[in-house]
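Contents: one structure, followed by commentary.
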Amino acid sequence: MINHKRTTFYVSLLLLIFVMLFAGSAVDANSGGKYNSSNSCGSCHGSSSSSVTPTYSGFPTEYNPGQTYLVTIGATQSASNAGFSFTVSDGSLSNPGPNTQVITKSATHTNSGATSWSFEWTAPSSGSGQVSLQVAVMQANGNGQNSGDSWNTLSWTIDEDVPVDSDADGDGVDDVDDAFPNDPNEWEDTDDDG
């Protein structure tokens, strides 16, 4: 009889721990956001839908190395419960706006009450090349389940702005170093006569 009570106690304890573990996982991906999930919201919010369109502003078409850009993530549709997850391959994120939290290369929402989120992206150093960015935005119906929610993702790249040297006269010497940038026969003023 004592062994049966002890066995029942341990089985009940294991079931309680099991339930608590799964309840903890659901809370992690709920209204407080989830980092590094810019490729999908499907583990917690149903399936992808074209009815949700991620938007962004403030990112340049080409970045200047080391420059900081104030950027905003959102969706074209409004909702009372929404969220996002953003990742960038290079550079760093900082200065999150309201309802936004960041770690080095990822950002997410802090609660489900906003539909627009802002932060700063500092572009990587010179010579880093192309940067890849990805965002997932979602709109939830607030029922606490993964049914009835809509989400979608967007990926894009930003090239580094690399200044192109110019040689207007085609003499093989860059105009900035050419004393005579319009004369293909001269590039150096050796006699100082201008």
Quiz item: Just for the stretch 173-186: of the residues that are in a loop (DSSP other than H, G, I, E, B) and either among the β-branched types (V, I, T) or at pLDDT below 80 (or both), which one is most open to solvent (accessible area, probe 1.4 Å)?
Solution: D174
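Would the stretch 126-143 turn up any residue that is without any contact (Cβ under 8 Å) to a residue 60 or more places away in the chain, of a type outside the set (S, T, Y) and over 22 Å from F59 (Cα atoms)?
Checking the stretch 126-143: at least one residue is without any contact (Cβ under 8 Å) to a residue 60 or more places away in the chain, of a type outside the set (S, T, Y) and over 22 Å from F59 (Cα atoms).
I want to confirm something. Restricting to the stretch 153-172 and keeping residues that are in a strand (DSSP E or B) and not charged (D, E, K, R), which single residue is farthest from A136 (Cα to Cα)? So that I can check it myself, show each step before the final result.
Step one: list which residues in the stretch 153-172 are in a strand (DSSP E or B), which gives 153-160.
When the remaining residues are screened for being not charged (D, E, K, R), the result is 153-158.
Numbers: T153: 4, L154: 7, S155: 9, W156: 12, T157: 15, I158: 18 Å.
Filtering the stretch 153-172 for residues that are in a strand (DSSP E or B) and not charged (D, E, K, R), the one farthest from A136 (Cα to Cα) comes out as I158.
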Quiz item: For residues in the stretch 145-164 being at pLDDT below 90 and open to solvent by 70 Å² or more (accessible area, probe 1.4 Å), which is farthest from D174 (Cα to Cα)?
Solution: Q145
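Can you tell me which residue within the stretch 61-119, out of those that are of a type in the set (D, E, K, R) and within 27 Å of V164 (Cα to Cα), is surrounded by the fewest Cβ atoms within 10 Å (Cβ to Cβ)? Before you say what the answer is, go through the steps one by one.
Applying the first criterion (of a type in the set (D, E, K, R)) to the stretch 61-119 yields 62, 90, 105.
Applying the additional criterion that residues be within 27 Å of V164 (Cα to Cα) yields 62, 90.
Numbers: E62: 11, D90: 18.
Only one residue fits best here, namely E62.
For the stretch 30-143, please list each of the strands (runs of 3 or more DSSP E) lying entirely inside it that holds at least 2 residues being touching a Leu at 6+ places or on another chain (Cβ under 6 Å), closer than 19 Å to S155 by Cα and at pLDDT 85 or above. Show your work before the answer.
On the way: elements: 54-57, 68-75, 82-88, 92-94, 100-103, 106-109, 116-122, 131-139.
The strands (runs of 3 or more DSSP E) meeting that bar are 116-122.
Given the criteria touching a Ser or Thr at 6+ places or on another chain (Cβ under 8 Å), more than 16 Å from F59 (Cα to Cα) and of a type in the set (G, A, S), does S94 qualify?
When the stated conditions are applied, S94 does not pass them.
The values are calculated or read from the model by the stated rules, or taken from the named source; none is laboratory data. Only a predicted model underlies this, so the values are computations on that prediction, with no experimental measurement involved. As a convention, Cβ positions derive from the backbone with ideal geometry for all residues, glycine included, and neighbour counts pool all protein chains shown. Remember, those area values only see protein heavy atoms, side chains included, never the ligands or the DNA or RNA. Shrake-Rupley method; radii C 1.70, N 1.55, O 1.52, S 1.80 Å.
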